[in-house]
Every structure is written in structure tokens, then in C-alpha cells.
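For reference, the structure is listed below as C-alpha cells.
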Amino acid sequence: MRVFIAIEFQDKIKDYLKEIQDLTKAKSEKGNFTIKDNFHLTLKFIGEVDLTLIEKIKEAIDKAVIGHNNFKLHFNKIGKFPRGSKSILWVGLKIEKELYLLYDKIENELEKINIKKEERKFTPHITIGREVVLKEDFNNLLKEIELKKLPILVDKVSLMESTRVNGELKYIPLYVKNFK
């Protein structure tokens, strides 16, 4: 089973991300674009795990969110991770102290059950497309998209399974832990 820990979004946030994605698609020659229902913020990609580890991961999540209160995130910028002639396009989030505290707690609790800590710096982002080839310069795209200051409520953390359903990639919540 392929799993990760994420912050899921309300429908209005997914709808807005879809609007941004549609603008991006119009400026792209090709790409593998995230389906609307799959928009999320990954806190920890774990990968393939044995079913016996799932319960330990749930317990780690429970411990990580103890004392955590709801908080809000806000969009920051549109960015890309270059992959040769293609890119991963994403919408970044403003750096929020509460998000980093949650991220660190999750990393620390997972390390206790022998899930290695991430070596790369945490860059909070929502992937809107992979293997994207733009028709024009990325900076032109940035000029055309102005991000709204929509508040994104964070009140829970989800353990998600990444699986294929009828050939389509789906992210399915296996466990959801509310903060309060």
C-alpha cells in the first residue's frame, strides 16, 4: 500500500486551485494535470508500506496532533520544479509557524517508528501539474495569474492511500485525525 500524510482541502479551495490549473493548462503544450479531488498539501510522503505499519502510523499522527489548534494557510506564489524540458507546476503556501510545528511533530513521531526523516527542506506546495511543457516562458504565466488571499482552514491531518481506480490515480483517506 502506497501512503502519505496530508492536509486535505475544502471544496471551495479545490475549485479555486482548478481555476488556476485551467489557466495553466491553456498556456501548456502538454502535461499530466492533477485531478481536482486530488488537490492536497503533502506533509510526509511515506511510500510503500506493509499493512502492519498502518496502525503505527495512525498512532504517530495521533501523538503529533496533540495540543494542536486549527490554523489557516494562504497561497503565496506559483512555482515550478524543473525536470529537464518539463516541470512540476505548483501553488506555494505562505510560511506559517503552525504548519512547520505540525510538520516537525509528524516527522519526529514517524522517526520513532523507523520512518526516515525527509532530508530536503520542507517547501509547502500543492502540485497542479507534472511533466508540464509550457508554450511560453514561465514568467509570462506568473504575470497572468494573481493569487487570491483565500484562507485555507487546517483542522485535521489525513493518512492517504495513493491507488488507481479504473486507471485513474485517486487519493483515498485511510484515517483522519481532527485537531480538537
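The values are calculated or read from the model by the stated rules, or taken from the named source; none is laboratory data. Quick caveat, the model's predicted, so the values are computed rather than measured. Cβ coordinates were reconstructed from backbone atoms using ideal geometry, including for glycine residues, and neighbour counts include every protein chain displayed. With ligands, DNA and RNA removed, areas are computed over all heavy atoms of the protein, side chains included. Shrake-Rupley method; radii C 1.70, N 1.55, O 1.52, S 1.80 Å.
The residue that is most open to solvent (accessible area, probe 1.4 Å), counting only those in segment 1-29 that are aliphatic (A, V, I, L, M) and within 18 Å of I145 (Cα to Cα), is L23. Among the criteria (1) in contact with an Asp or Glu (Cβ under 7 Å, 6 or more places away or on another chain); (2) of a type in the set (S, T, N, Q); (3) buried (at least 16 other Cβ atoms within 10 Å of the Cβ), the one N32 does not fulfil is (3). Of all residue pairs spaced 6 or more apart or on separate chains, those with beta-carbon atoms under 8 Å, a first member in segment 15-42 that is modelled with pLDDT of 95 or more and part of a helix (DSSP H, G or I) and a second member that is of a type in the set (S, T, Y) and surrounded by 15 or more Cβ atoms within 10 Å (Cβ to Cβ) are Q21/T34; D37/Y171; N38/Y171.
Checked against (1) in contact with a His (Cβ under 9 Å, 6 or more places away or on another chain); (2) open to solvent by 60 Å² or more (accessible area, probe 1.4 Å), L41 meets all criteria but (2).
Just to be sure, is E109 touching a helix residue (DSSP H, G or I) at 6+ places or on another chain (Cβ under 6 Å) and acidic (D, E)? Criteria met by E109.
Here is the figure for segment 137-170: residues that are among the β-branched types (V, I, T), surrounded by 13 or more Cβ atoms within 10 Å (Cβ to Cβ) and under 28 Å from F45 (Cα atoms) total 4.
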